[in-house]
Amino acid sequence: MNKRIKAANSDNKRVTAARKETLPAQPFPIVGIGASAGGLEALEQFLRHVPAGSGLALVIIQHLDPTHKGIMPELLQRATAMEVYQVKDRVKVLPNCVYVIPPNKDMSILHGVLHLFAPAAPRGLRLPIDFFLRSLAEDRQEHSIGVILSGMGSDGTMGLRAIKEKAGLALAQEPASAKFDSMPRSAIDAGLADLVAPAEELPGKIIDFLQHARVIAKTEGPLEAKDQSGLEKVVILLRAKTGQDFSLYKKTTTYRRIERRMGIHQIDRIATYVRYLQENPQEVELLFKELLIGVTSFFRDPAAWEQLQGEAIPALLASRPAGGVLRAWSAGCSSGEEAYSLAMAFKEALSQAKPAANFALQIFATDLDSDAIDKARQGIYPANIAADVSAERLRRFFVKEGPDYRIGKEIREMVTFATQNVIMDPPFTKLDILICRNLLIYLAPALQKKLLPLFHYSLNPGGVLFLGSAESLNTCTELFTPLHVKSRLFCRRETLLTTEPIAFPATFVPAHPGVAKESTPLKSAANLQTLADQLLLQHFAPPAVLVNDKGDIVYISGRTGKYLEPAAGKANWNIFAMAREGLRFALGTAFQKALRQPEAVTVYGLKIEEGGGTQAVDITVQTVAEPKELRGMVMIVFNDVTTPPVKQAPGRSRKASAANARTLEVEQELRQLREELQTTREEMQSSQEELKSSNEELQSTNEELQSTNEELTTSREEMQSLNEELQTVNAEQQSKMDELTQTDNDMRNLLNSTEIITLFLDNNMHVRRFTNGANQLFKLLPGDVGRPISDISSNLLYPGMIEEAREVLRTLVFSEKQVAASNGLWFTVRIMPYRTMDDVIGGVVITFADITAAKTLETELREEIDRLKQLIESGDKP
């Protein structure tokens, strides 16, 4: 056999060398195949149907005994003409080759090179398939392919989830054809398998998918008119079927996901796929699930969660010395891992901080996918979450249920789940923490620009925004202060900037045809006084600027270009840098003087150059005391002064007295003109003050109206948010009621089907519940629930039953006795402690099994034995 393997290897080397010369320029597909040690048959079936020249690179990851020598390459070589290698560290992956993980190693891939790692624990729960498939998804992105074959457990499910997130292809073996169906069934039940088939059919499906993917890549370039039309038709069909609008999602992401579904169905043109959607409604649901990309895990990006737990949450606790209930919202929570991670991080931070006051955290977790929300409400997760959740957290916050883990009651009660579309439905408000991770990256920039101000509105002052590792604030940096940029943790910033009103979700998506859009408030008609005031302000009021106490300009009124000009170099809006020559020194002196006194400071007769001549300017500088919003700022007003013409003195004349008289006349006229000018200036200043007062009144009225409008808008949105919260809580309570009803029905049918009479008593020996047939032994009625059992008469000849029950409560050791009834029946009476889910003793359970038939038979046997003994003693034959 070794000779045949060597010969085959030699032939394969020549074939491989020939193929290396014609490797495709684009990244070749790498297929990660997961199977358990008992999955050899499935692996052989898979390899036998992979063509030797397929161009695939196959990497096999198995659960192998760490103490045994690896012979898997020799076994698999019999099933394929491709070369089979046992991986060594830093081996470069080539197409048309098979690579097998060695025993007692974990394996990862980086830039097409395989790397081996020593496992953290040689035995116990190890997840080598998840470990490799996750790295494959990161390394090959949409070119990654994952296959799960026969195996026990759930290893590989999380790896396929990562591949799906990167738009790769996920396949699973048909469970009915698998020797061990746990691994493929786990992937299928999680909704991650794009294709399900027997092992021997999977290679053909992979090759068909890749061939159609290449055709699509060649024929489908940038979105042209026909492609755009096809994409819009797909969005319309999705909206008609699911009620959700994907028109504001990134078109490239949406189109790439549609192309995946086209490749799976071997459809080349999007127009053909539109027809396929119309003819197959179930495909619309599958595409909807594909677009949701519900990929998540516990404590995803651990370093970021450590920053949230170690810095952000303690800061929130410190800001509330009186304690209270903090509110959080996990938007796009998928199957709940993120929301539960926040609850666990909060509990741990609370234990570390040990605040004097009492704190609690109420988490609202929402997602568009109702199936994911149902799974989140159940709180049951597979054993492979141990890769993301520490052993200490598993012990403290989870309950082991068979092979799975269930979220503990303490954590589950902190989270309320609901189906919600963050684009269409009102947001939750008055939040302290808002988590929206790996959602914004799938939305168009215009929608991101609307959502981030909405998140700012939803958060309390100092609230924390937690984004995904690939997300940023873009143009909304003025709304949030970075707490830790790398971890994408931000703090809500108080801002006075009101560039545009907040767009609430109802305005994100255009109204459907036939549905009227929400009307916008009409502008009030301007009256004559308002128009006149505006005209005076624009054309007759002097130019002015408003600056802060450092001289930085915050507002400009009128044309100030005559007095100010931008300084050369880096942009500088400081008035001392912009003041023209002739004003700068006097302006600085007056500014400092005005800061020290409440009265206005005026500087007269300053000269500036203008149009080849000079212009006289008066400057008035005054600190602002009212309104309080502008208190501390400084107003600087510029007034041009007309320079009176200076006439030359008259020449000597013969009549000096006439000249003197003319001089006096001119001086008198000049004095009169100066007085008139002063009067005019005072009148103008008075008019200016009146105009300023009118402007302030108008501004005040406008601000009051705007404030009223904002309050009404805020109240409306808060009412919508409150309604959303009530609906969320109602849905959660309804879900719990349904679960309780179902559980009650199951328990009632179970107890009735056993035909064993059961009586439940609390710690005080009061009746809590009883099954059908209990009235045969006790005179019980439905209204007797809550009454002491000692008050109920019984047909049992068992006077010490109550004392026996109290003894069971004390010792927690069950009791069992055979007891007769007054009507001749016999029962086995078994008394056991009643244990709750939290392992708390809540009373006793007493069961009564009818053994009358057995007792009758026993009596008959005894009588027959006694008769036989008497016959033997008498010497008679029986």
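The values are calculated or read from the model by the stated rules, or taken from the named source; none is laboratory data. All figures in this text were calculated on a predicted structure; none of them were measured in a lab. Methodologically, a virtual Cβ is constructed for each residue, glycine included, from the backbone with ideal geometry; neighbour enumeration extends over all protein chains shown. Heavy atoms of the whole protein, side chains included, go into the accessibility calculation; ligands, DNA and RNA do not. Shrake-Rupley method; radii C 1.70, N 1.55, O 1.52, S 1.80 Å.
Computed from the Kirkwood radius of its Cα pairs, the Stokes-Einstein diffusion coefficient for region 767-878 at 20 °C and 1.002 mPa s stands at 129 µm²/s. Across region 309-368 the C-alpha pair distances fall into 10 Å bins from zero in the proportions 23, 52, 21, 4 percent. Estimated at 0.36 nm per residue, the fully extended path between E285 and V729 surpasses their Cα-Cα distance by 157.1 nm. Distances between placed amide hydrogens fall under 5 Å for Q362 paired with L326, R327, A328, all partners being 5 or more residues away or on another chain. Which of rounded, prolate or oblate describes region 715-780 when judged by the alpha-carbon gyration tensor and an a/c cut-off of 1.5? Here region 715-780 falls in the prolate category. Protection proxy ranking, highest mean first, for peptides 593-603, 76-86, 277-287: 76-86, 277-287, 593-603, where packing is the per-residue count of other beta-carbon atoms within 10 Å, averaged. Treating r as the C-beta distance of N749 and N421 and R0 as 35 Å, the FRET efficiency rounds to 0.35. Modelled label positions at N358 and E689, each set 7 Å beyond Cα in the direction of Cβ, lie 6.1 nm from each other.
Checking every one of the chymotrypsin sites (Phe, Trp or Tyr not before Pro) in region 743-822 against DSSP loop status and a limit of 12 other Cβ atoms within 10 Å picks out F814. At an R0 of 51 angstrom, the distance between the Cβ atoms of A318 and D618 translates into a FRET efficiency of 0.40. Per-residue extension of 0.36 nm, minus the Cα-Cα distance of A240 and H484, leaves a gain of 83.6 nm for this segment. Packing around the peptides 382-394, 134-146, taken as the average count of other Cβ atoms within 10 Å per residue, puts them in this order, highest first: 134-146, 382-394.
Taking label points 7 Å from Cα along the Cα-to-Cβ direction, K607 and L871 give a separation of 15.3 nm. Label-to-label distance for Q592 and Q86 is 8.6 nm, based on points extended 7 Å past Cα in the beta-carbon direction. Taken per residue, the accessible surface of region 258-368 reaches 37 Å², heavy atoms only and a 1.4 Å probe.
Fully extending the segment from E682 to K628 would add 16.7 nm, taking 0.36 nm per residue of separation and subtracting the current Cα-Cα distance. Evaluating 6.51 cos²θ - 1.76 cosθ + 1.60 at θ = phi - 60° for every residue in region 190-204, the Karplus couplings come out as 6, x, 9, 7, 6, 9, 10, 6, x, 4, 6, 8, 5, x, x Hz, glycine and proline recorded as x. For region 710-818, GluC sites (Glu not before Pro) are listed when DSSP marks them as loop and at most 12 other Cβ atoms sit within 10 Å of their Cβ; the list is E755.
Only Cα sites of region 300-423 enter the Debye sum here, all with the same form factor; the resulting log10 I(q)/I(0) across q = 0.11, 0.17, 0.20 1/Å is -0.38, -0.91, -1.20, listed in q order.
Rolling a 1.4 Å probe over the heavy atoms of the protein chains gives region 114-189 an accessible area of 36 Å² per residue. Percent of C-alpha pairs per 10 Å bin in region 335-392, short distances first: 19, 43, 29, 9, 0.
Rounded to a whole number of µm²/s, how large is the Stokes-Einstein D of region 813-878 at 37 °C and 0.692 mPa s, given Rh as the Kirkwood radius over C-alpha pairs? Once the numbers are plugged in, D ends up at 219 µm²/s. Applying the Karplus relation 6.51 cos²θ - 1.76 cosθ + 1.60 with θ = phi - 60° to region 549-558 yields 3J(HN,Hα) values of 6, 9, x, 7, 6, 10, 7, 10, 10, x Hz, where x marks Gly and Pro. Note on region 449-490: Cα Rg divided by 2.2 N^0.38 Å, N the number of residues, gives 1.04. Taking the square roots of five times each eigenvalue of the Cα gyration tensor of region 263-338, the equivalent ellipsoid has semi-axes of 45, 14, 8 Å, listed largest first. Computed from the Cβ-Cβ distance with R0 of 22 Å, the FRET efficiency linking T741 to D762 stands at 0.45.
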